[in-house]
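Undergrad: The structure is given below, and queries will be raised subsequently.
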Amino acid sequence: MKPGGWFDRRGWSDIIVGVPYAWAIVFILAPICIVTALSFAVPVLNSPPYQFVHTWPFVSIASFQRLFTDSIYIRSFSVSLFNASIATVLCLLIGYPMALGLTRVSKAANRVLLMLIVLPFWTSFLLRVYAWIGLMGNNSWFNRLLTVLYNILVPQAWHLANIQIMYTNFAVIFVVVYSYLPFMILPLYANLEKLDRTLDEAAMDLGSRPYQVFLDVTLPLSMPGIIAGGLLVFIPSAGELVIPSLVGNMSDPMIGAIISQEFGLNHDWPMAAAISVALLFVLVVPLMAYTRYQSRAEAGGAP
Amino acid sequence: MGDPDRQSPTPPGRASDRFISVRNVAKRFGSFTAVDGVSLDIGKGELFALLGSSGCGKTTLLRMLAGFEQPSSGQIFIDGEDMAGIAPYHRPVNMMFQSYALFPHMTVEKNIGYGLKHERMAKSERDDRVAAMLDLVQLRDFARRHPHQLSGGQRQRVALARALAKQPKLLLLDEPLGALDKKLREQTQFEIANIQYETGITFVVVTHDQEEAMTLASRIAIMDRGAIRQLDTPKNVYEFPGSRFVASFIGSVNLFDGELVRIDGDFADVAVPDLGITLRALRRGDLRGKGRLTCAFRPEKVHMSRQKPDGMGNTIQGVVLDFGYFGKDSLYRIKMATQALVRVNATNDLRAGDDEIVATWEDEVYLSIDPKAIMIFEDEA
Amino acid sequence: MTITRREALKVSAPLLAIPWCMSCAKIEDGLNIYSWADYIGETTIADFSKISGIKVNYDTYNSTPEMEAKMLAGSTGYDVVIHSGVTLRDFVKAGVYDRLDKRRLPNWKNLDPAVLSIASGYNQDNAYGVPYMWGSTGMTYNLDMVRQRLPGADLESLDTILDPANASRLADCGISLLDDQSLIWEVMSYLGKPQDVYTKAVMDDVVKTVKRIRPYVRTFDSSNFLVSLPNKEMCAVNNWSGDYATARRRAKEAGVDINLGYFVPKTKSPAWVDMYCIVSDGLNKNNAYKFLNYMMIPEVIAQCTNHIKYANANLASRKFVDRSVLDDPTIYPTRDVLARLYAPKSLSAADSRLINDALNAIKAG
C-alpha cells in the first residue's frame, strides 16, 4: 500500500472505531435478531425443531400468547425479579460499606483487600457453589453450629433439629449475593475512589456531621457507581440458572430454569426464544433508564 | 484597598486584640514535624497571610485552625474559646478550599445555602442570606447553574460566598487565587480585600505567592520548616527583612558575604571581597564587634550610570553582561572585575531611543548603592 | 478505498475457514461418539481402536437436555450417540437417526429378548437403537432413617411416600421427587390409571395425589441426590436405578456408613433403556456399524457392566459379568421386578404439555 493511502489517512481510526461495532453486530445484535425471529416460529418435530409459518403473516405469536396466559411464566418472572431485586439490595448494603472502607484504608491494605475481593474469580464458580452446598446442608458442621446458636437464643418450644437452608429461596438469594458481590463492590469502589475527599471536608466545614456528609455528598455523588454495580448484579442474577438449580427449590423456579426446561426438556425452541425476548425487554428497560440517566448527568450535571 | 490602616504593623482595632490566638502549637506526623511551636495572634477583622513555600507547615496550621487536624501540643483560641477537641462542624470557622471543593451535584444557590441547612433558620431568612451572598459575589444570574457550567473565576466566587454564608468568626482561604490566570488574579485579589472590608470577618490566607500575600494582607507571617521566621506588615517584611532567609524569600536580592571592618556611629563598614570594595551600610541596632556577615541589597535600589557619579559612596564599576527588557523596567546583570554578578533593576522612565542612560552589552557602567538600602545579616553565611 | 481484491481475500480467508475448523475437531475418516460421561468400560474404546484400526473421538455429555439440544440442532459431526429410549421416537421423527441395517449387526442375536421387548416400546421393532444399558425408576431409601420413622413400612409400595401420614413422618429426613415426567408415570400407575392415556382429568388426579404430600417434599430434582443421599441430607429419593448405584458407590468412597436400599414400586414403573443410535448426517457410517457390532460382543459389554455397574441388554454377556453385579437385584432385577417395568409410549406435543403443566402445578405447591 502506498504511503498516504487509506490506511495512513484514516485506516487506523476506522479500525479502532470499527472493532466495538463489529463485536456488537456479530455477537450481540445478530444473536438477538436470530432469537427474536425464532420466537415467532412454531415448534415441530424436526431437526432443527422449529418452523416458520408458510402463510401470511408468516409469524406465529402463539409462544407470546402462552407467555401471558400460562401462569408459570409470569410467576417465574416475578420470582426472578424478586430474587434479583433482593439480591441487588443486599449486595448494595454489604458492598457499599466495603467499597467505602476500601477507599479509607492504607494503600498497602487496599491492595491486599482488593486482591482478596477478586481472588474468588480465580476458582471455579461452580466449585464455590458446591462449597456452599456442603456448608448449608442439614448435616454440615456449619448448619449444626447455626442450629445450636439458634436453639440457645429461642425458647424451647421453637427448637429445631436443624435449620433448613438448602432447597429454599433464601439459599438462592444468599448464594447469588455471595457470587455477585464483587460485581457490586468493584464499580462502587472505582466510583468512590475518584470522589474528591475535600468535598467531605468542605461539607464538614460547613457544619455537617459525618453521617450528614455521607447523605449529602458521598451518597449522591456515588449514584453512578450504585447504578452500575446494581445493574451488574441485577441483570445476571435475574437470569441466573445454575445457582437455583443447585441450591434452590423447583417450586419457585426462576426464569432461567424455565428457559432451560423449554429448550432442553420440551424441545420448544420458539417458546424458549419468546421467554428470552421477554426477559431481554424486562432487563433492557432498566438499562435504558440508566443510559438516559447517564447522558442527562453528563449534560446537566444534576443526577 | 486604599485603607491606610491596613498598612499598620498592628491589627486594626485594639493593638492587644487577640481574637485568634495560636499558643505554641506543634503538629507531628510520625517522626516528621510539620508545625514546630508556632505562636501568633490575629486581631478581629484582620486580613492575615501565612506565606511560605510548599511543605513549610502553613497548610497544616490552617487545617488545625479549621479543625481537620488536632495539634500535637499547644492551644488554639478563637474568640477566647479553646478549640481543643472541637470538631470542624462545631467551629465558628469556614474555609475556602484551594480546589474550591464545590459540590458538583448542587446548583450555585444550593452550594451557598448548604452551610445554612444545619442552622435553625427560617427558610425565608435562609433564602435572603443566599441572595445576599449571590449579590456580594455578583452571581445573581448564575444561581441555578451547576459548578461545571461556571468559569474558574465564577467558581472561586461561589466558593467564597459559600464560606461566608454562615458568617463565620474566622474565614480561612487556602491559596485563594492559585487556580486563576494572571489577569483574573489582580482583579480578584482586590475583590477579596473589598469583601473582607465590607464583612469585617477575620481572614487568614495561606499562600506560597508573595505578591498575593503582599497585596492582600495587613500582616504576613513567613513560615519555613514549621516555624514563623518573620511576622510583620508587607512593607516591613520587604524593606526590613529580619534574616537572610526572609530577604531572599521575598522579592529578589543581591547577596554577598562580607566581614565587618568597623562600626561608625549609625553606619557599619563591611569589606565585600566579591565586589572588591568596602560597603558602607546602615547599622543594625544589635550589631556588635567584628565577624562574618551577609550584605544584601535589592536590584531596584541600585543606581546605575555610565558616567562615574560624584560624591556618592559605595560605587563600583562593572560591565553589562546581559539584560532583559520587561517594558516598564529592565533587569541588568553586571559583571564585576572579580567576576561576581550584580543584578540591577532600572526603571525605563525615558522613552526608548533616548539612549543617554540605557546601557547595552559590553557597556562599562557604574553602580552606586545608598547605604540605607544595604541590609546586613549576621545569622547565616 | 484502495484495498485490492487480493488484500480483501487475505483478510477474509481466516473467516471463511471458520466453519471448516469447527468440524475439523471431529475425525473425518474414523468415528465420532457422543455418550454419557462415565458410561463405558475403562479400555473399551482403546481396544476397539486397536482391533479395528479406526481412530475414535469420544465426547461425553452430563445431561439429557444438553445432548438432545445438540442433536436437534443438527450438524454435530457425531456418528454414534447414546440416546435414552423415552425421547427416541421424537428424534426418529425429526430425522436425527438412521434406521438400522440389522444385516450389518450380526451380534444382534446376543441381545436379551426381555429388554428388546421393553425397548421396542420406544421404537417399533427396535429399528433405530441398539439397547445398551437399562434400568428402572424407583425409590432409594436410607433404610436406617426410614425404618426408624416408619417401622414395618412396605418399601415396595409408593404408599410409603404418597400417603400423607407416612410422608409427614419422613419430612424431617428429606423427601426428594424426580423433576421429570417419570414422576407422573409412576403416580399414574400408582393410581391405577391406564398407561399412555393422558387427559386433563387424569392429570388433575395425579396433581391432587402429590399435592397432598407436597408440604413434606423437600425438593424436586433429577441429579443433586447424588450428593444429598450420601450426605444423609435425604432419606427418601425418587430416582433411577443407576443413580442409586452411583450414590451408594460415592458414599462408600467417602467412607460414609450408610444403609441404602432401592425399590421398584409394585404398581408398575417406567423402565429406561439407553440406546446406541446412528446419526443420519454422520460421515462414517461403516465405522459406526463396526462399533455397534463390537459393542454387542458378550465379553466387551460385560467389561462395561463390570466397570460401571449397570445392567446391559446383552443376554450372552451374563456369563462374563461379575457374580456380585449379576446377583445384585438392584442392577439386574429379579423376574418379579422385571414384570413391573414397562416402556411408556412416546408423547405427543399435547401430552407433553399436559405432563409439564401437571409437573409445574405439583412443584408450585
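Undergrad: Roughly how crowded by other chains is peptide C:69-75, in terms of the mean Cβ count from those chains within 10 Å of each of its Cβ atoms?
TA: Details: counts 9, 0, 1, 10, 4, 4, 2.
Taking all residues of C:69-75 together, the mean is 4.
Undergrad: With both bridge residues required to lie in the protein assembly as shown, what share of the DSSP beta bridges run antiparallel, to the nearest 5%?
TA: Numbers: 88 of 120 bridges.
Approximately 75 percent, going by the DSSP bridge assignments.
Undergrad: How much net charge surrounds A:L160 when only the other residues with a Cβ under 12 Å from the Cβ of A:L160 are counted, with Lys and Arg +1 and Asp and Glu -1?
TA: Values: positive: A:R144; negative: C:D172.
Value of the local net charge: 0.
Undergrad: Compute the distance in nm between two label points, each set 7 Å from the Cα along the Cα-to-Cβ direction, one at B:R292 and one at A:V105.
TA: Spacing of the two 7 Å Cα→Cβ label points: 5.5 nm.
Undergrad: Got a sec? Charge dipole of chain B, +1 on Cβ for Lys and Arg, -1 for Asp and Glu; which of B:A34, B:F249, B:M64 is way out at the positive end?
TA: B:M64
Undergrad: Which entries in the list C:K109/C:K290; B:K183/B:K301; B:K235/B:K301; C:K211/C:K345; C:K93/C:K290 go over 18 Å, if you measure between the two C-alpha atoms of each? List each step's numbers first, then the result.
TA: Working: C:K109/C:K290 15 Å; B:K183/B:K301 28 Å; B:K235/B:K301 15 Å; C:K211/C:K345 26 Å; C:K93/C:K290 25 Å.
With Cα atoms farther than 18 Å apart: B:K183/B:K301; C:K211/C:K345; C:K93/C:K290.
Undergrad: With a cut-off of 15 Å, note down the residues of region B:218-249 whose backbone N falls inside the zone around a label point 7 Å from the Cα of B:L331 toward its beta carbon.
TA: Under 15 Å, as judged by backbone N against the label point of B:L331, lie B:248-249 of region B:218-249.
Undergrad: Sticking with this one: Which entries of C:K50/C:K285; C:K193/C:K266; C:K266/C:K363 show an alpha-carbon separation above 21 angstrom in the structure shown? Numbers along the way, then the final one.
TA: Values: C:K50/C:K285 19 Å; C:K193/C:K266 14 Å; C:K266/C:K363 25 Å.
The answer is C:K266/C:K363.
Undergrad: Along the charge dipole of chain C, Cβ charges K/R +1 and D/E -1, which of C:S157, C:S35, C:F220 sits furthest on the positive end?
TA: Checked the options; the winner is C:S35.
Undergrad: Additional query: With a ≥ b ≥ c the root eigenvalues of the C-alpha gyration tensor of region A:78-292, is it rounded (a/c under 1.5), prolate (a/b larger than b/c) or oblate? Write down the numbers at each step before the final one.
TA: On the way: a/c = 2.11, a/b = 1.30, b/c = 1.62.
It is oblate, given that a/c is not under 1.5 and a/b is not larger than b/c.
Undergrad: OK, next. Going by C-beta contacts inside 10 Å, put A:I61, A:I255 in order with the fewest on the left. If you can, show how the numbers build up before the last one.
TA: Numbers: A:I61 12, A:I255 27.
With the sparsest Cβ surroundings first, the list reads A:I61, A:I255.
Undergrad: Which of the three applies to the protein assembly as shown, rounded, prolate or oblate, going by the alpha-carbon gyration tensor with a ≥ b ≥ c and a/c under 1.5 meaning rounded? Write out the running numbers ahead of the final one.
TA: Details: a/c = 3.28, a/b = 2.57, b/c = 1.28.
It is prolate, given that a/c is not under 1.5 and a/b is the larger ratio.
Undergrad: Additional query: Using a ≥ b ≥ c from the Cα gyration tensor of chain B (square roots of the eigenvalues), is it rounded, prolate or oblate, where a/c under 1.5 gives rounded and otherwise the larger of a/b and b/c decides, a/b for prolate?
TA: Working: a/c = 2.81, a/b = 1.78, b/c = 1.58.
Cα axes put chain B in the prolate bin.
Undergrad: I've got another one for you. Order of B:F326, A:F142, B:F203, A:F170 from fewest to most other C-beta atoms within 10 Å?
TA: On the way: B:F326 10, A:F142 14, B:F203 26, A:F170 17.
Neighbour counts put them in this order, fewest first: B:F326, A:F142, A:F170, B:F203.
Undergrad: Using the number of other C-beta atoms within 10 angstrom as an exposure proxy, rank B:L255, A:L119 with the fewest first.
TA: Working: B:L255 16, A:L119 10.
The order, fewest Cβ neighbours first, is A:L119, B:L255.
Undergrad: In addition: Counting only C-alpha contacts under 8 Å and six or more residues apart, can you give the relative contact order of chain A as a whole percent? Working shown, then result.
TA: Values: 303 pairs, mean separation 79.6, N = 303.
Averaging sequence separation for qualifying contacts and normalising by length gives 26 percent for chain A.
Undergrad: So what is the relative contact order for chain B, in percent, with contacts set as C-alpha pairs under 8 Å and at least six apart? Mind dumping the intermediate values first?
TA: Numbers: 797 pairs, mean separation 58.3, N = 381.
Once divided by the residue count of chain B, the mean separation gives 15 percent.
Undergrad: Roughly how many debye, to the nearest 20, is the charge dipole of the protein assembly as shown about its Cα centre, given +1 on each Lys and Arg Cβ, -1 on each Asp and Glu Cβ, and no other charges? Display every interim value, and only then the final one.
TA: Working: 106 positive and 106 negative charges, 366 e Å.
In debye, rounded to 20, the protein assembly as shown gives about 1760.
Undergrad: Follow-up. Straight-line reach from B:K117: which lysines have Cα under 20 Å away, leaving out those fewer than 8 places along the same chain?
TA: Hits, sequence-local ones excluded: B:K166, B:K169.
Undergrad: Report ³J(HN,Hα) in whole Hz for each residue of region C:217-234, in order, from the Karplus equation J = 6.51 cos²θ - 1.76 cosθ + 1.60 where θ = phi - 60°; Gly and Pro get x.
TA: 8, 7, 7, 10, 6, 10, 8, 5, 5, 5, 9, 6, 5, x, 7, 6, 7, 9
Undergrad: Explain nothing, just the number: relative contact order of chain C, from Cα pairs under 8 Å at least 6 residues apart, as a whole percent.
TA: 28 percent
Undergrad: Using the charge dipole of the protein assembly as shown (Lys, Arg: +1 at Cβ; Asp, Glu: -1 at Cβ; taken about the Cα centre), state which of A:I173, A:I16, C:V256 has its Cα farthest towards the positive end.
TA: Among A:I173, A:I16, C:V256, the one farthest towards the positive end of the dipole of the protein assembly as shown is C:V256.
Undergrad: Something else now. Based on alpha-carbon centroids, what's the gap between region C:122-142 and region C:72-112 in Å, whole number please?
TA: The distance from the Cα centre of region C:122-142 to that of region C:72-112 comes to 14 Å.
Bear in mind these aren't lab numbers, they're just calculated from the coordinates by the rules spelled out. Fair warning: this is a prediction, and the values are worked out from it, not measured in the lab. Positions of Cβ are backbone-derived with ideal geometry, glycine not excepted, and every protein chain shown enters the neighbour counts.
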